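Please read the structure below before turning to the comments.
The values are calculated or read from the model by the stated rules, or taken from the named source; none is laboratory data. Just so it is clear, the structure is predicted and the values come from calculations on it, not from any experiment. All Cβ positions, even for glycine, are placed from backbone atoms using ideal geometry, and neighbour counts span all protein chains on display. Side chains included, ligands, DNA and RNA excluded: accessible areas come from the protein's heavy atoms. Shrake-Rupley method; radii C 1.70, N 1.55, O 1.52, S 1.80 Å.
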Amino acid sequence: MEAAFLFVAGLLILLMLGLHVASALILLAFGADQLLSNGMMVASIGSIAWDKMNDFTLVAIPLFVMLGEILIRGGVADQLYSALSVWMNRLPGGLLHTNIYASTVFAATSGSSVATAATIGTIAIPELEARGYNRRLIYGSLASGGTLGVLIPPSILMIVYGTLADLSVSRLFIAAIVPGLLLAGMMSLTIILISIFIAPPKVRSEAVPLAQKLRMLLKVLPILVVFFIVMGSIYGGLATPTEAAALGIVSAIVLAGLNRKLSVRMMHEAFLSAFRTTSMIMLIIVSAFCLNFIISILGLPQDASRAISEAGLSPYALIWLLVLFYVVLGCFLEAVAMMVTTVGIVVPIVIAAGFDPLWFGVFLTILMEISLITPPVGLNLYVIQNLRPKESNINDVFIGIAPFVGAFIAFVAIIIYLPEIVLWLPRSMD
Amino acid sequence: QAETTIKVLGFWGNQPQIDDVDRPMWESIEEETDGRIEIQYLTLNEAGLNGSQALRFLRRGQFDIMTINPSYVSGDEPSLVAVDLPGLAYDYETLREISDVYRPTMAERLERFDGVLLSHWPFNPQIVWCNEPVDSITDLEGRKVRVSGAPAADTLDELGATAVNLTGGEVYQALERGLVNCGSTGSTYGYRTKWHEVANHLYNFPLGSYSQVVQVANKTFWDSLSEEDQEMIRTKMAAAEDELWAMAPRVHQQGVACATGEGTCELGGEPGDMTFTEVSEADKEVLAEIVNTVTIPNWKESCTPIFPECGERFDETIGQVINGSDGS
Amino acid sequence: MKRIIPTAERGLKALSHTACILGGWFVILLSVGICIEVFLRKVFNESLQGVDEYGGYALAITASLGFAYCFYEHAHIRIDLLTRRLPRTLGRALSIFAIVMLGVVAGLLGLQSIRLAQESQLFMAFSNTPLRTPIVYPQAIWAAGFCLFFVAIVLRLLHIFQSLLSGDGDRLGDLLGESTSDDGVEGSTRQGVE
Ligand code: NA
Ligand code: NA
């Protein structure tokens, strides 16, 4: 256990020195190998990198990233936002709910939280600032709504988890649908409660005739079509998740064509943006696997599981301990790296304690979402921070996110004590 | 304090061959030498590896002892997989004869990866699980079958079936939703991952072969050991090897009993009620034709560029065994 | 000398940019191939051999060719939350240190990926699929991506060194990517992982 602690401390120091996440992981692996093992690791990184970068399940990552990038540029996100806003403006909290539900729908086609937060944030911030909404709530709802990008399928994190835990990515996707929608509802409830009891919005919205509302709803259709092509082909036994992503890409290109947004230039922009994400993730995945390799060689996973079984924790105590562990670690670490380096250790322990690995995948993804919105290192916070007007205060983002972090913890409790929320849909499909 | 540390890479964990025989055998060395030799045993799952790079790891000396599946590494060294081509053997007696007669060739070929061959043993036959009836091998025509590796894919191609490549975790869902009609895996793995819930027919043909492995020492490491230690390890491994050969058919039977619900299921869980079909003599003829016209020629073609005598060597060794057992 | 390094860097930037565009079209081509595969499998029980195999190579190659582009875009995640609050000189020193360490990592990955490809050539290794692709070809292109990444970092370090010598603080700031984010994490603006 001391060794595990030293690894975490070493990693945090390297990260705080400002090293790139990938170099911190690899350098820590080399350091540990030189000091504690036979120093052969350097010669193995070529093999490790090739194995991981050449994995057909992981091919789904660039494909889902590309899918999101093409959709963003195909003009569907703006339509989505305006269509949903006419339905939300009468709720307590008004258009803030649009942030949540537009993120929810966009998440159904994007595998990434950051892309979801950035896409919806770009549209929402100018619109809501102009209408005089509470800044803190705007930022909080956008940053937390964006995290749905990795819970509602497709999800890059679930692809990584499925690869690590040797679980069906398709089943993980299906298991995450109900929790994803419930979590969106929790966020909406948070906005309602704040709007009623703490900060009633000063904005008044005009009523929109139902006919117009229904007409606007048609604009959500295209994105739902892409979602049903992707999830439908998985559920219908037509395609694997990787293949479904490819079907999604082709349909997104057709959609962009129908919207008259398709051009070589637009595609090239999508490529470049997709590569910025994909290459960055792949470098982290390769580095995290190198660290993972040396951690295994040193026998840390066995030590950790021995220590935990000797501690004689009850299953629920174990799970809450993991919540604490991941929330604290998630303040400082990036989610993919956190998953790759810990799943191999944690999943066998959790299975031994009687939990379902499918349930744990969804649960872990929710904990990873929390890491995206907890300072100091929370990618979604930085996305929103970069989108906000320069005269606003950065603390608005940090304060705005706090009630949503609370909602997340409440949701984690619900998932722990009602695991059926996760397991019901995949089982009822058997 | 340990004088020597031996880093052992096993195979996939959570199977009796590894958990009950291989791992305890290695770890017993620690006690028997009063800690003079320390053992660090890792399974593939524990190391986060998939086994395809095993020969490269062997050559670099990352591990001292490695468990290597010839099929996984047939891209790097095609000659080894000759012992594990689908359709060569239907029983473990033949399989062991094949192993014995081909062992010198395997040892010779492993030398170019600085490997010293120590033992060779099989797992369960990787048989066919289908969600539609299979009474004969020809029923696979038009079906989508999940397999990995070129020889199995070639065999399916000859049978008019489509080979689909899927990761292990995805197969349950794929069988359930009809993305594939069949998949090939060992009876115990299939039972533990609940394939019997989504497949109803078990056809006893080792399409994915027997998942045989060789255990190999890195030469530099091996030469650094004293002769007594080498002898001690060889003796222990030989005993374990006999046990593992005897164990494989038993473990296979256990898995079949659980998946079909016939006989007592000792693996726990809710037994399935799959229909079990043996390979008929007529099926064996169909398969022998494929083996002779496609599987073996394709294999010879793949190994000739790097090992020109491989064809001849095969005919002199394994070829003799399989023709002998045909009674011709 | 004054011009050579910036020109070389511009050239390499253009090269990495082009590699990404080509990689992007490759991914689109792969997607179309996968769609055909899904259609053929469903309707005719046929399979285009090797779409999954080439998909794996596509991921490996496009990701490695993208490393250099990512570097120029300051998209490799780095937490500069703390370093930004330090005195400017110290902060910049740490930024340069981070680039040096990334260079070390890229150099190691480049070297080992070349070794792996050389090994494949030596073993005459092929893929264990019906296509039996000589594995050295995809591996060589993949290794080239790491090398491109390494060269990009070396050129950037030379460029940084040059602007340090000439005392050009603004250019140094640009080279270190100080303008890409005002607080926090580099390059998480519109793209990112989770
Ligand atoms: Na998503
Ligand atoms: Na965080």
Sole miss for A:Leu381 among (1) within 12 Å of ligand 2 (Cβ to nearest atom); (2) under 27 Å from A:Gly299 (Cα atoms) is condition (2)
Being more than 16 Å from ligand 2 (Cβ to nearest atom) and under 29 Å from A:Leu14 (Cβ atoms) narrows A:Leu333, A:Leu283 down to just A:Leu283
Which residues, taken from segment A:205-250, are at pLDDT below 85 and among the acidic types (Asp, Glu)?
A:Glu206
Within segment B:225-240, tally of residues that are crowded, with 18+ Cβ neighbours inside 10 Å and in contact with an Asp or Glu (Cβ under 9 Å, 6 or more places away or on another chain):
1
Qualifying positions in segment B:241-297 - among the charged types (D, E, K, R) and open to solvent by 70 Å² or more (accessible area, probe 1.4 Å):
B:Asp242, B:Glu243, B:Arg250, B:Glu262, B:Glu266, B:Glu270, B:Asp273, B:Glu278, B:Glu281, B:Glu285, B:Glu289
Taking the residues in segment A:27-47 that are open to solvent by 30 Å² or more (accessible area, probe 1.4 Å) and assigned to a loop (DSSP other than H, G, I, E, B) as candidates, determine which candidate is farthest from the other protein chains (Cβ to nearest Cβ).
A:Asn38
So, in segment B:186-224, how many residues would count as being away from chain A (no Cβ under 14 Å), open to solvent by less than 20 Å² (accessible area, probe 1.4 Å) and assigned to a strand (DSSP E or B)?
7
Return the only residue of A:Pro222, A:Pro126, A:Pro179, A:Pro200 being outside any helix (DSSP H, G or I) and away from ligand 2 (no atom under 16 Å from the Cβ).
A:Pro200
Please work out which residue is nearest to A:Ser44 (Cα to Cα), limiting yourself to segment C:129-144 and to residues that are at pLDDT below 90 and more than 12 Å from chain A (Cβ to nearest Cβ).
C:Arg132
Which residue out of C:Arg88, C:Arg10, C:Arg84 is in contact (Cβ under 8 Å) with a residue 40 or more places away in the chain and surrounded by fewer than 18 Cβ atoms within 10 Å (Cβ to Cβ)?
C:Arg84
Restricting attention to segment B:94-113, does a residue exist that is more than 14 Å from chain A (Cβ to nearest Cβ) and assigned to a loop (DSSP other than H, G, I, E, B)?
no
Options B:Glu301, B:Glu312; residue that is part of a helix (DSSP H, G or I) and within 27 Å of B:Leu159 (Cβ to Cβ)
B:Glu301
Here is a list: A:Ala335, A:Ala288. Which entry is within 16 Å of ligand 1 (Cβ to nearest atom) and buried (at least 24 other Cβ atoms within 10 Å of the Cβ)?
A:Ala335
Check whether at least one residue in segment A:101-117 is surrounded by fewer than 23 Cβ atoms within 10 Å (Cβ to Cβ), under 30 Å from C:Leu29 (Cα atoms) and out of contact with any Pro (no Cβ under 8 Å at 6 or more places or on another chain), and report yes or no.
no
Which helices (runs of 4 or more DSSP H) sit wholly inside segment B:1-93 and have at least 1 residues that are within 12 Å of another protein chain (Cβ to nearest Cβ) and of a type in the set (A, V, I, L, M)?
B:44-47, B:54-60
Looking at A:Gly149, A:Gly140, which one is more than 14 Å from chain C (Cβ to nearest Cβ), part of a helix (DSSP H, G or I) and within 16 Å of ligand 2 (Cβ to nearest atom)?
A:Gly140
Filter result for the condition that a residue is within 16 Å of ligand 1 (Cβ to nearest atom), of a type outside the set (Gly, Ala, Ser) and buried (at least 22 other Cβ atoms within 10 Å of the Cβ), over A:Leu372, A:Leu358
A:Leu372
Filter segment A:118-137 down to residues that are open to solvent by 10 Å² or more (accessible area, probe 1.4 Å), away from chain C (no Cβ under 14 Å) and either in contact (Cβ under 8 Å) with a residue 12 or more places away in the chain or in contact with a strand residue (DSSP E or B) (Cβ under 7 Å, 6 or more places away or on another chain) (or both), then give me how many there are.
9
Members of segment A:152-176 found to be open to solvent by less than 10 Å² (accessible area, probe 1.4 Å), assigned to a helix (DSSP H, G or I) and of a type in the set (Ser, Thr, Tyr), listed by number
A:Tyr161, A:Ser170
